Amino acid sequence: MKMKLMVLLSVVAGLVITLITGLIDVTPMGLVGATWHGWPLSWFYVIVYPGSPISVNWLNLIGDIIVWFVIALAVVLVISKFKKTSKT
């Protein structure tokens, strides 16, 4: 597999996984009035009252994308290496 394709797949996987983790509620115990979403970094906050704005912490969002990109790239590289060694 070409490196450009592996990087592209990893970027897409990082974005998709980050958006999926936005569905995970990671609000700390005892915190009242807001829910936090995203993992490993909380990047999406919802204040719990009617008509409240949704807050996005852009730095944590970018950090989360980078974390998942690196993990996805490592997985793609390992799979690619495994496929090469199994063919020989």
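Read-outs: derived from the displayed coordinates by stated rules, not from any lab. Not measured: the values here are computed from a predicted model. Ideal geometry is used to build each Cβ from the backbone, glycine not excepted, and the neighbour counts take in all protein chains shown.
Structure summary
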quantity	calculated
Projected-area average for the stretch 3-69 over all orientations - Cα convex hull basis, square nanometres	4.7
Residue list for the stretch 39-66, given a label point 7 angstrom along the Cα-to-Cβ vector of residue 27 and an amide N cut-off under 11 Å	46-49
The chain: calculated mean residue ellipticity at 222 nm from DSSP helix runs of at least 4, using -39500 (n - 2.57)	-19500 deg cm²/dmol
Length released on extending from residue 59 to residue 47, taking residue separation times 0.36 nm less the Cα-Cα span	2.4 nm
Which of 85, 35, 21 has the fewest Cβ neighbours within 10 Å, and the rest in rising order	85, 35, 21
Extension gain (nm, one decimal) between residue 82 and residue 34, 0.36 nm per residue minus Cα-Cα	12.8 nm
